[in-house]
1. Yes or no: G300 small (G, A, S) and surrounded by 21 or more Cβ atoms within 10 Å (Cβ to Cβ)?
2. Evaluate the following for R308: is it surrounded by fewer than 16 Cβ atoms within 10 Å (Cβ to Cβ) and either assigned by TED's automatic domain parsing to the domain that holds L117 or over 28 Å from T179 (Cβ atoms) (or both)?
3. Answer with yes or no whether L144 is farther than 30 Å from V28 by Cβ, in contact (Cβ under 8 Å) with a residue 12 or more places away in the chain and aliphatic (A, V, I, L, M).
4. Collect the residues in the range 50-68 that are assigned to a loop (DSSP other than H, G, I, E, B) and surrounded by fewer than 17 Cβ atoms within 10 Å (Cβ to Cβ), keeping them in residue-number order.
5. Just for the range 240-280: of the residues that are surrounded by 13 or more Cβ atoms within 10 Å (Cβ to Cβ) and β-branched (V, I, T), which one is nearest to M203 (Cα to Cα)?
6. Do we have any residue at all in the range 234-241 that's among the small types (G, A, S) and touching a Phe, Trp or Tyr at 6+ places or on another chain (Cβ under 8 Å)?
7. Based on this model, can you work out whether A47 counts as surrounded by 14 or more Cβ atoms within 10 Å (Cβ to Cβ), touching a Ser or Thr at 6+ places or on another chain (Cβ under 9 Å) and either modelled with pLDDT of 90 or more or part of a helix (DSSP H, G or I) (or both)?
8. Can Y77 be described as within 27 Å of Y307 (Cα to Cα), in contact with a Cys (Cβ under 6 Å, 6 or more places away or on another chain) and in the same structural domain as Q119 (by TED's automatic domain parsing)?
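The values are calculated or read from the model by the stated rules, or taken from the named source; none is laboratory data. What you are looking at is a predicted structure, and each value in this text was computed from that prediction instead of being measured. As a convention, Cβ positions derive from the backbone with ideal geometry for all residues, glycine included, and neighbour counts pool all protein chains shown.
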Amino acid sequence: MELFFSSIQLILTIINFRKMEQIISEKVKCLIIGSGPAGYTAAIYAARANLNPVLYQGIQPGGQLTITTEVENYPGYSDGVQGPQMMIDFEKQAVRMGADIRFGTVTQVDFSSQPLLVQIDEKKWIVADAVIVSTGASAQWLGLESEERLNGFGVSACAVCDGFFFRGKEVAIVGAGDTAAEEAIYLSKLCTKVHMLVRRNEMRASKIMQERVSKTENIKIYWDSVTDEIIGAKTVEAVRIKNNKTGELQTIPISGFFVAIGHKPNSDLFKNWLEMDEAGYIKTIPGKSITNVSGVFASGDVQDKIYRQAVTAAGSGCIAALDAERYLSEMGIH
C-alpha cells in the first residue's frame, strides 16, 4: 500500500512538472523585482558581476522618487536633481552595464524550492536561481484631494528629504508616532515654527520622544485635531484644521505640510514565503540582505523601516547583488 501511494505521488509530481514546464517561458540567473534606487543599484552590480540580471520595474517604474521633485541630498548631484530624472539616470547606467530592464509586474511567486518561480503579469512564469526583492514601501496619506494635488509642491512624506527647502519658514506635520515626533524635532532645527497635528488627546510615540517634543520650544501641538484642507493654488499656503471635540475650524499659515502617519512596505506578495516583522517589513540577517529563503535577498525600503533614504536604499541594493553573487558562486552557478 505504501509503495502504491509513493507511485501515485511520483506520477502527480511528473504531471505537475510537465504542466509547469509548459507555462515556464524563461530561465534567468538573477531576477530583480522593483526599480527604485535599491533595484537599479542591484542591477548595476549584478550586471558587472556577469549575473545577467533581469529587472522588472513594477507598477511604478522608479519608485517613490518619481513623485519627488528636488533631490539635494544624494551624493554626486552637486546642483541637486529632480527625482524622476535621477531614476532615469539610474536606469540608463544599469542598461549600460548590461542589465535587462523590463516593464512588467510580478503577480505571484513560488519560493517552495529551488529554482525559484516568479510569475509576470499573471501570464508567464520565470525560473530564477536568485531573486532580489526591491519593491520598496509606500507612504500612507490622508486621502485629501489637495494633498494629492500639492504633493511635491509643499506636501511631503519625508522631512529628512525635503525639510531643507523650508528653512526659516513655518510648517505643519501630521502624526503621533515616533516617526512623526522624530521628524517634528528634525524640522524644528530648520523651521521657525512646527505645527504638529495630533488626532487624539495623546501621542503614540514613546515617552522619551514625547518629552523631547514637549521640550522643543518651536513645536506647537494641536490635540484632537485633524486636517480639514490644505490650502494653496500652486504651492502650500496654509492648512485648515478641525478640532474633533468642538468642531472648531482654524486656519494656520504654513509653507510646508508633512505627512508622518506611517509607511507600508510593498511586501504582500511575499507573505507566505518570507519572514516579516509585525509591520510587514521583510526580515534579513543584520548587515546583509539574506532572507529566510535560500536564494532570495531583500534590499531597500521593503526591509528598512528606519532610514528610508535613496542613498541607503542604493547601498542595500549593492549588498543584495554582492550577496546574490556569493550565493550563486557557492552553488556552482556560473
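1. For G300, the condition - small (G, A, S) and surrounded by 21 or more Cβ atoms within 10 Å (Cβ to Cβ) - is met.
2. It is false that R308 is surrounded by fewer than 16 Cβ atoms within 10 Å (Cβ to Cβ) and either assigned by TED's automatic domain parsing to the domain that holds L117 or over 28 Å from T179 (Cβ atoms) (or both).
3. Yes: the conditions hold for L144.
4. Once the filter is applied, which keeps residues that are assigned to a loop (DSSP other than H, G, I, E, B) and surrounded by fewer than 17 Cβ atoms within 10 Å (Cβ to Cβ), the range 50-68 yields N50, N52, I59.
5. Among those that are surrounded by 13 or more Cβ atoms within 10 Å (Cβ to Cβ) and β-branched (V, I, T), it is I261.
6. For the range 234-241, residues among the small types (G, A, S) and touching a Phe, Trp or Tyr at 6+ places or on another chain (Cβ under 8 Å): absent.
7. The answer is no for A47.
8. Spelling it out, it is not the case that Y77 is within 27 Å of Y307 (Cα to Cα), in contact with a Cys (Cβ under 6 Å, 6 or more places away or on another chain) and in the same structural domain as Q119 (by TED's automatic domain parsing).
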